[in-house]
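Enquirer: Okay, here's the structure, questions in a sec.
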Amino acid sequence: MTSSLHLPTLIAWLGFLAGGVFGAVAQRANFCTMGAITDIVAFGDWRRMRMWVLAIAVAIAGVAVLQRFGAIDTAKSLYTGTRIAILSLVVGGFLFGFGMTLGSGCGSKTLIRIGGGSLKSLIVMIFLGLAAFMTLKGLFAIWRAAALDPVRIDLGATTSDLPALLVAAGAPAVAAMLPFVLALAIALWVFASRDFRRSREMVVGGLVIGAVVVAGWYITGHVGHLTEDPATLEERFVGTNSGRMESFSYVAPVAYLFELLVYWTDASRIVTFGIASALGTIAGAALMALATRTFRWEGFTSTDDLVHHIAGGTLMGFGGVTALGCTIGQGISGVSTLAVGSFIALASIVAGCVAALHYQMWRVERAAPGAEVNGAARPDVSSA
């Protein structure tokens, strides 16, 4: 058995490897939530959305299996607290969704594009990390804690996930079957499309990314779980920034990465699962881009383009922390636990993205016929 002293290192390496798989597959399959929503709004193409939803179905089923066999306990995750910070989820989710559209991709896509050579996304990542850290521990944290976080609702169950609500309502048998029934229903909808079934890369992308999220839960919730820490004699989840079991998320980990780099000589700072998975995602995307000869340097075309991406990164940093996650953190990892708050955050992210797309289309329509629209006024669907 791995010594508890070496366990944080193991968790970090496993996170890096899992992140590498995520980055490589997402790069190859062009996995992007913002791109999926844009495809629907602009072209009526649902294939990338089906890939993303397939990943959700796989994650829901996988987490339910781990839970059924006692490998993890989703009640000990960040998403299933007894009270839901409803205003934080709605406002944070909406701002994140708006920001990811201005920034040409969500948190995961930002890292994937960096791996593919995008200097634009590197700037987005810097401002995302700065805003996220300010929302965790700085100036923005004051506003978040004073204005948003206190507005909470109690659903009257031991945890705020759908199975717990069914148990509280006296339907434990339904609660036990719900994750599997929901995952099956989603999968049936996904594969009902012949166009999607023919898109082999997208099918594989959805399956693998969903499985990687499940692997993240297993790494932190089982491998990194100490029922009794030798130092404190208390339960502990090793190698996570939250001190709880985690899976993939791409906002707070970027903030903690910058914190680690700034305080590198502080022995209390370590490479956590979140930090390692973010770095692994960049590395995996870079290897895939080089292997497929799609790596190319990309810079800003105008000042307007730069401003939009800076604004997008800032909104994503604030919104992602406030909403407790991004399109991956809440949209797949959180939803895989069937947490009610995750569904609220996800709906808010989608609403914010759609609103930003309409804003960008409005800018295009305002431009004179035949005139070039600067930067991010038109959705960057080619790289999303």
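Taken together, the values in this text are just the output of simple stated rules run on the coordinates, not laboratory data. It should be emphasised that the depicted structure is a prediction, and the values quoted were computed from it without experimental measurement. Ideal geometry is used to build each Cβ from the backbone, glycine not excepted, and the neighbour counts take in all protein chains shown.
Enquirer: Angle, helix 47-68 long axis vs. longest principal axis of the chain, Cα atoms, 0 to 90°, nearest 10?
Expert: Between helix and principal axis, roughly 10 degrees.
Enquirer: While we're here: Quick check: net charge around Phe258, other residues with Cβ under 15 Å of its Cβ, Lys/Arg +1 and Asp/Glu -1? Don't skip to the end; give the middle numbers.
Expert: Details: positive: Lys137, Arg269; negative: Glu259, Asp266.
Its environment carries a net charge of 0.
Enquirer: Within the set of other residues whose C-beta is less than 15 Å from the C-beta of Asp149, count the net charge using Lys and Arg as +1 and Asp and Glu as -1. Show your work: numbers first, answer last.
Expert: On the way: positive: Arg83, Lys137, Arg144, Arg152; negative: Asp154.
It works out to a net charge of +3.
Enquirer: What's the exposure ranking of Met202, Met125, Met34, Met177, going from fewest to most Cβ atoms within 10 Å?
Expert: Final ranking by Cβ density, sparse to dense: Met177, Met202, Met125, Met34.
Enquirer: Of the peptides 53-66, 286-299, how do they stack up when ordered by the mean number of other Cβ atoms within 10 Å, highest first? Can you show the working numbers first?
Expert: Working: 53-66: 23.5, 286-299: 14.2.
Order by mean packing, descending: 53-66, 286-299.
Enquirer: Cβ under 12 Å from Gly206's Cβ, Gly206 left aside: what net charge do those residues give with Lys, Arg +1 and Asp, Glu -1? Before the final figure, lay out the partial values.
Expert: Numbers: positive: Arg47, Arg48, Arg50, Arg197, Arg200; negative: Glu201.
Summing Lys and Arg as +1 and Asp and Glu as -1 gives +4.
Enquirer: Ok, one more. Please arrange Val238, Val167 by counting, for each residue, the other beta carbons lying within 10 Å of its beta carbon, fewest first.
Expert: Values: Val238 23, Val167 18.
Least crowded to most crowded, the residues run Val167, Val238.
Enquirer: Which residue, chosen from Ala64, Ala85, Thr38, occupies the Cα position most advanced towards the positive end of the dipole of the chain, where the dipole is computed from +1 (Lys, Arg) and -1 (Asp, Glu) charges on Cβ about the Cα centre?
Expert: Thr38
Enquirer: Same structure again: For the chain, with a Gaussian network of springs between Cα atoms less than 10 Å apart, report the residue from Ser77, Ser88, Ser302 with the top mean-square fluctuation.
Expert: In this elastic network of the chain, the residue with the biggest mean-square fluctuation among Ser77, Ser88, Ser302 is Ser302.
Enquirer: If contacts are Cα pairs under 8 angstrom and at least 6 residues apart, what is the relative contact order of the chain in percent? Could you put the intermediate results ahead of the total?
Expert: Details: 771 pairs, mean separation 145.9, N = 384.
Here the relative contact order equals 38 percent.
Enquirer: Okay, moving on. I'd like the distance between the alpha-carbon centres of region 206-231 and region 78-92, rounded to an integer number of Å.
Expert: Here the answer is 23 Å between Cα centres.
Enquirer: Let me ask another. I need the calculated FRET efficiency for the pair Phe300 and Val204, taking r as the beta carbon distance and R₀ as 35 Å, to the nearest 0.05. Present the calculation step by step, with values, prior to reporting the outcome.
Expert: Details: r = 33 Å, r/R0 = 0.95.
FRET efficiency, Phe300 to Val204: 0.60.
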